[in-house]
């Protein structure tokens, strides 16, 4: 890396980024993730060069999605469980926390990082809050790319934390090996309020905050959740989802969760589902990337930009139906492409 590049990342080449990532430099890794999150064309081009060079060094981590309703203690759980893995099992952990409100509020993006103060200073842990913005497809793409960069940097365990808003869970479940749903003590009404699809996606249900006077309540909730799991069809990965209790405060139950994760990996790697799922995820990512690229190509077209405002005005004025206006823009786009050849 040249002297100028060491002062500012403005003029870094793809090789400058890759060298820093492969030696595990967390500052360079953070800057590379910022690069893949950028919507600027020149940044996207450079980001793809970096990803291409890093690709041979990826795929060697265990990827885990973590979700749950507000107040369940996701950040506290991740800090406690992550510390157990880093300190007790020698794992290198990267935490990617998706924050859907950060681009709007501007102030919440560092929330998860400040709540994980102990884990944040661990030399073998890396925490990165990322803005979701308005596009869940964008979240999936950027998070997947960030995950690959973390793997290239040597992290063998990746946690992706969602905020529990419904659709984001589906996006995250499509890029991880294991999906954990955190729940609060006291099943009852909460079980009714959780979308069936989210529970079906889960490989493990963990009732958090099972401490103090909530222990018995948590045990009762675990039984209710365990019974509910048997009502769902068998998962294609050959794993029978479990329900457990845990406490991020006391550490109770965390060792059992790690044991279940190990058992899970043995099952899905043994029956071939692990690799098949990774391939299926790559196919989904490819389709998503293609859709995003076509979307950008269309709306960045000079002809479309010039006509879009007038077409929308015509729709709002009742002169054109939305379908007519859309079809007109598509025809214009086709003609603009044909005229270039």
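The values are calculated or read from the model by the stated rules, or taken from the named source; none is laboratory data. A quick note: this is a predicted structure, and the numbers were derived from the prediction, not measured. Cβ sites come from the backbone with ideal geometry, for glycine too, and all protein chains shown count toward neighbours.
Can we say residue 123 is in a strand (DSSP E or B), on the phi < 0 side of the Ramachandran plot and at pLDDT 65 or above? Before the answer, list the steps.
Values: in a strand (DSSP E or B): no; on the phi < 0 side of the Ramachandran plot: yes; at pLDDT 65 or above: yes.
No: the conditions fail for residue 123.
If the Cβ limit is 6 Å and pairs must be 6+ apart or interchain, which residue in the stretch 198-213 that is within 14 Å of residue 184 (Cβ to Cβ) pairs with which residue that is in a helix (DSSP H, G or I)?
Matching pairs, first to second residue: 205/225; 207/218; 207/221; 207/222; 208/77; 210/218.
Residues to consider are 24, 71; find the one that is modelled with pLDDT of 90 or more and assigned to a loop (DSSP other than H, G, I, E, B).
Values: 71 fails: modelled with pLDDT of 90 or more.
Answer to the selection: 24.
For the stretch 287-323, give me the residue count where each residue is part of a helix (DSSP H, G or I), farther than 18 Å from residue 41 by Cβ and in contact with a helix residue (DSSP H, G or I) (Cβ under 8 Å, 6 or more places away or on another chain). Can you show your working first?
First, pick out the residues of the stretch 287-323 that are part of a helix (DSSP H, G or I): 287-299, 302-316, 322-323.
Among the residues that remain, those that are also farther than 18 Å from residue 41 by Cβ are: 287-288, 306-316, 322-323.
From what is left, the residues that are in contact with a helix residue (DSSP H, G or I) (Cβ under 8 Å, 6 or more places away or on another chain) are 288, 307-308, 311-312, 314-315, 322.
Residues meeting the conditions: 8.
Just one of (1) modelled with pLDDT of 90 or more; (2) surrounded by 12 or more Cβ atoms within 10 Å (Cβ to Cβ); (3) not assigned by TED's automatic domain parsing to the domain that holds residue 81 trips up residue 285, so point out which.
(1)
Restricting to the stretch 207-237, and then to whatever is closer than 26 Å to residue 271 by Cα and within 24 Å of the chain's Cα centre (by Cα), can you tell me which residue is surrounded by the most Cβ atoms within 10 Å (Cβ to Cβ)?
In this case the residue turns out to be 237.
Given the conditions (1) in the same structural domain as residue 201 (by TED's automatic domain parsing); (2) modelled with pLDDT of 95 or more; (3) buried (at least 16 other Cβ atoms within 10 Å of the Cβ), report the number of the one that residue 87 does not fulfil.
(3)
If you scan the stretch 222-255, which residues turn out to be within 10 Å of residue 207 (Cβ to Cβ) and not in a helix (DSSP H, G or I)?
243, 244, 245, 246, 247, 253
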